[in-house]
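The values are calculated or read from the model by the stated rules, or taken from the named source; none is laboratory data. Here the structure is a predicted model, which is why all the values come from computation and not from measurement. Note that each Cβ is placed from the backbone with ideal geometry, even for glycine, and that neighbours are counted across all protein chains shown. Heads up: the accessible areas ignore ligands, DNA and RNA and are worked out on the full protein's heavy atoms, side chains in. Shrake-Rupley method; radii C 1.70, N 1.55, O 1.52, S 1.80 Å.
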Amino acid sequence: MEILGIDVGGSGIKGALVNMETGEMISERFRIPTPKSRKPKAMAKVVAKIVAHFNYKGPVGCGFPTVIKNGVCNTPGNLHKSWKGVKVDELFSEVTGLPVTVVNDADAAGYAAVNYGVGQNKEGLVVMITIGTGLGSGAFLNGKLIPNFELGQIPYKKYDKIELWAAASAKERENLSYKKWGKRFNTFLEYVDLIISPDLIILGGGTSKDWDEFKEYITIPTPVIPSLLQNHAGIIGAAAAAYKK
């Protein structure tokens, strides 16, 4: 079975068709920049354009970069404040005319890793951390999702949330070296390790492909590995979430 997976991010919205038996993308990834306003209607139109690009008529899975509870955006995250309280699945279903399943983007990336990637058959508490505009996190206990683990929202010093200090966007904004940024990211992982004591941490998002550049600065005792699916994990996992539903 083929399902369209869409990964909504703060800088880009991208989609591809995914084979649900193998977890492989069977089309080229199609990407459209996220509208500068980051408002609901503008972003919904982009989702509709991606669906139209593939001339797709089936169920759609969508990873979304905020806390999603029963399809509703609880906090706007790095998007416009008007997202709060929006029933995202209904909005996207309305503009596409298709059934849309919406999950947190880090949960989606975790779905991909646990079902098709390095997290397969891993016992215990496995945490996916996506490194991008923010720091997303998805938690899985013996392969089953524990939704809405938003570890990037932990307050840190003068910052309302630690992702403002330790995400990839902070590295770019402050022009940090991999050494300086890697030490910040390790501080974040120290908090994760202290608070929930996971058995394995998997890194996803665009920056995970640069693992060799910063792995020497990651010193926590818990094993940390990059997702082999890297930046495609959000798309594959979004499709998996729709398939499981």
Q | Solvent-accessible area per residue, Å², over region 174-243 with all protein chains present [probe radius 1.4 Å] | A | 46 Å²
Q: Using a 1.4 angstrom probe, figure out how much accessible area region 99-172 has per residue, in square angstrom, rounded to the nearest whole.
A: 39 Å²
Q | Karplus 3J(HN,Hα) series, Hz, for region 110-122 with 6.51 cos²θ - 1.76 cosθ + 1.60 (x for Gly, Pro) | A | x, 3, 5, 5, 6, 8, 10, x, 5, x, 4, 6, 8
Q.
Which aspartates and glutamates, if any, have their Cα less than 18 Å from the Cα of Lys171, not counting same-chain residues under 8 positions apart?
A. Asp160, Glu163, Asp210, Asp212, Glu213, Glu216
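Based on Cβ point charges of +1 for Lys and Arg and -1 for Asp and Glu, what charge dipole magnitude is obtained for region 157-245 about its Cα centre, in debye rounded to the nearest 20?
Working: 13 positive and 11 negative charges, 52 e Å.
In debye, rounded to 20, region 157-245 gives about 240.
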Q.
In whole percent, and with a 1.4 Å probe on the protein chains, what portion of the accessible area of region 81-235 is carbon and sulfur?
A. 49 percent
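Within the chain, what's the longest run with no GluC sites (Glu not before Pro) in a DSSP loop and at most 14 other beta-carbon atoms within 10 Å? Give the range, please. Walk me through the numbers on the way to the answer.
Details: sites that count: Glu21, Glu28, Glu123, Glu174.
Result, exposed sites excluded: 29-122.
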(Q) Is there a quick way to get the dipole size of the chain? I mean about its Cα centre, with the Cβ of Lys and Arg at +1 and of Asp and Glu at -1; what is the value in debye to the nearest 20? (A) 960 debye
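If I stretch the segment between His53 and Leu176 completely, what's the gain in nm (0.36 nm per residue apart, minus their alpha carbon distance), one decimal?
Numbers: separation 123, 0.36 × 123 = 44.28 nm, distance 3.70 nm.
Answer, rounded to one decimal: 40.6 nm.
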Q: Would you mind listing how long region 16-98 runs along its three principal axes, going by Cα atoms, in whole Å with the largest first?
A: 36, 25, 22
(Q) Tell me the carbon and sulfur percent of the accessible area for region 1-77, rounded to whole percent, probe radius 1.4 Å. (A) 50 percent
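Quick check: convex hull over the Cα atoms of region 102-245, volume per residue in Å³, rounded to an integer? If you can, show how the numbers build up before the last one.
On the way: hull volume 14.1 nm³, N = 144.
Value for region 102-245: 98 Å³ per residue.
Would you please give the FRET efficiency between Lys158 and Lys209, computed as 1/(1 + (r/R0)^6) with r the Cβ-Cβ distance and R0 = 35 Å, to the nearest 0.05?
Working: r = 30 Å, r/R0 = 0.87.
Rounded to the nearest 0.05, the efficiency is 0.70.
Would you mind checking Lys57/Lys87; Lys144/Lys179; Lys41/Lys144; Lys49/Lys157 for any pair whose Cα atoms are more than 31 angstrom apart? Working shown, then result.
On the way: Lys57/Lys87 21 Å; Lys144/Lys179 34 Å; Lys41/Lys144 33 Å; Lys49/Lys157 41 Å.
Pairs exceeding 31 Å: Lys144/Lys179; Lys41/Lys144; Lys49/Lys157.
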**Q.** Angle in degrees between helix 178-196 and the longest Cα principal axis of the chain, rounded to the nearest 10
**A.** 80 degrees
Q. Say the dipole of the chain comes from +1 at the beta carbon of Lys and Arg and -1 at that of Asp and Glu; which of Val47, Ile26, Tyr217 then lies farthest toward its positive end?
A. Val47
Q. What whole-number value in Å² describes the accessible area per residue of region 1-97 for a 1.4 Å probe?
A. 49 Å²
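What is region 115-237's relative contact order, in percent, from Cα pairs under 8 angstrom and six or more apart in sequence? It would help to have the intermediate numbers written out before the result.
Working: 206 pairs, mean separation 32.2, N = 123.
Relative contact order for region 115-237 comes out at 26 percent.
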Q: For an R0 of 30 angstrom, estimate the FRET efficiency from the Cβ-Cβ distance between Asn70 and Ile196 and round to the nearest 0.05.
A: 0.80
Q) Amide H to amide H, which residues 5 or more places from Ser137 or on other chains are under 5 Å from it, using H placed in the peptide plane? A) Ala106, Thr130, Leu151, Gly152
Q) Which value in deg cm²/dmol, rounded to the nearest 500, describes the helix-derived mean residue ellipticity at 222 nm for the chain, given -39,500 (n - 2.57) per DSSP H run of n ≥ 4 and division by the residue count? A) -9500 deg cm²/dmol
Q. Between Gly10 and residues 5 or more places away or on another chain, which pairs have amide H atoms under 5 Å apart, with H built 1.01 Å from N, and which residues are they?
A. Thr133
